[in-house]
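Only one structure is covered here, and it is reproduced in the block below.
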Amino acid sequence: MDQPLVLGIESSCDETGVGLVRGHTLLADAVASSMEQHAPFGGVVPEIASRAHLEAIVPMIESACEKASVRLSDVDAIAVTAGPGLAGALMVGVGAAKALALGLGKPVYGVNHLAGHVAVDQLEHGALPEPCLALLVSGGHSNLLQVNDISGDIVSLGNTIDDAAGEAYDKVARLLDLPYPGGPPIDREAASGSVTIDFPRGLTSRKDLERHRFDFSFSGLKTAVARWVEARHRAGEPVPVADVCASFQEAVVDVLTRKAIDAALTHGIHDLVISGGVAANSRLRALAEERAAAAGVRLRVPKRNLCTDNGAMIAALGSEVVARGRPASALDFPADSSQPVGTVVV
Ligand code: KG4
Ligand code: ZN
């Protein structure tokens, strides 16, 4: 018999995504982004995101069904991001998923956004090795997770104590007059620059490692870049943007890869998955490959459009949760803006 057809809905931040997955096969992935509407503000404006989700959700459901050549009545189960994320944005997806579940008479699973970022890798590289270590880096999160069972046993090993990695890219881009989101332009500039400035590596001193071995901090780095640029301005000297980008980027990816490999080796885990928007970074991919190979750790990084927020990741997680026989969510489950990663299905 065919594996169940799972429709996944994602609306936790600025992407409205609807994906259709059967087993580990991606049938369709429709994504609308409100990023351009946030660009003038240099970051996501929650109220704008919620309104954009409302406008995009039905067209994205229709577009996914059309791309996959399926009817809504063919869908066997619905998965939706219940959290973490922006409360108003999450509510749009959760409301749509519940309406579909009621209308179609199918089960609904309110699932964890972070687990979705890991599960999505199955669509490209097949069954997830368990346990595996996941490094999730995006505009909203920077986590190190130990994934023992993607459908229900995920342990947080580390988190950012201030800014997320992508947020640091966005803020540094802003102070260098580069466009939002800052990751892609900094990545591009860095390619033609050299690592000439020794910016600080957050939470890597011996004292910090005692309490925050697998945690991250990027706000000190951002401030260090701001101070360095200000000093140049004060001295009336031009800012070597490409070198600042290369040096900043090296400080970020050095810490990310160093801590990820340390966590894998410390916990006896041999597989590392890197996902989230920042996983698109070319230097992060290269350094992670180099350091993973040296440490004997296998590395899996999904392709760029699967790394960023989308419905496919939620459908992929839903498909796994259904396959492993997890109970569906009660129809009155809430959107939870701070849903802990240990709660994979609400
Ligand atoms: O996963 P995502 O699309 O949305 C969430 O934040 O959940 O990630 C967006 C973040 C932004 O902060 C953006 O600057 C960053 O990912 N990003 C990158 C690159 N492409 C996107 N950061 C570094 N290098 C990149 N090439
Ligand atoms: Zn995300």
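None of the figures in this text is laboratory data; all of them are computed from the coordinates on show. These numbers come from a predicted model, not from an experiment. So basically every Cβ, Gly included, is an ideal-geometry build from the backbone, and we count neighbours across all protein chains shown.
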Counting only pairs 8 or more residues apart or on different chains, how many lysine pairs in the chain have their Cα atoms under 23 Å apart? 10
Normalised per residue, the volume inside the convex hull of the alpha-carbon atoms of the chain in Å³ amounts to 126
According to a simple spin-label model (label point 7 Å from Cα along Cα-to-Cβ), what is the distance in nm between residue 290 and residue 69? 4.6
To the nearest 20 debye, what is the magnitude of the charge dipole of the chain about its Cα centre, counting +1 on the Cβ of each Lys and Arg and -1 on the Cβ of each Asp and Glu? 460
Please report, in whole Å, how far the alpha carbons of segment 101-142 spread along each principal axis, starting with the longest. 37, 26, 17
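Which order do 144, 7, 265, 331 fall in if you start with the one that has the fewest other Cβ atoms within 10 Å?
By the 10 Å Cβ count, ascending: 331, 265, 144, 7.
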Can you tell me which of 23, 268, 42 moves the most in a GNM of the chain? Springs connect C-alpha atoms under 10 Å apart. 268
Taking a ≥ b ≥ c as the square roots of the eigenvalues of the Cα gyration tensor of segment 130-302, is the shape rounded (a/c under 1.5), prolate (a/b larger than b/c) or oblate? prolate
For segment 130-302, give the magnitude of the charge dipole about the Cα centre (Cβ charges: +1 Lys/Arg, -1 Asp/Glu; no others), in debye to the nearest 20. 260
Solution diffusion estimate, µm²/s, Stokes-Einstein, segment 15-161, Kirkwood Rh from C-alpha pairs, 25 °C, viscosity 0.890 mPa s: 148
Just to confirm a number: summing +1 for Lys and Arg and -1 for Asp and Glu over residues other than residue 313 whose beta-carbon lies under 10 angstrom from that of residue 313, what do you get? -4
Filtering trypsin sites (Lys or Arg not before Pro) in segment 1-109 by DSSP loop and by at most 15 other Cβ atoms within 10 Å leaves 71
Take residue 174 and residue 48, extend 7 Å from each Cα along the Cα→Cβ direction, and tell me the distance between the two endpoints in nm. 1.2
Taking every DSSP beta bridge that has both residues in the chain, what percent is antiparallel when rounded to the nearest 5? 60
What's the exposure ranking of 24, 141, 125, going from fewest to most Cβ atoms within 10 Å? 125, 24, 141
Over the Cα atoms of segment 259-346, what is the Rg over Rh ratio if Rh follows Kirkwood? 1.04
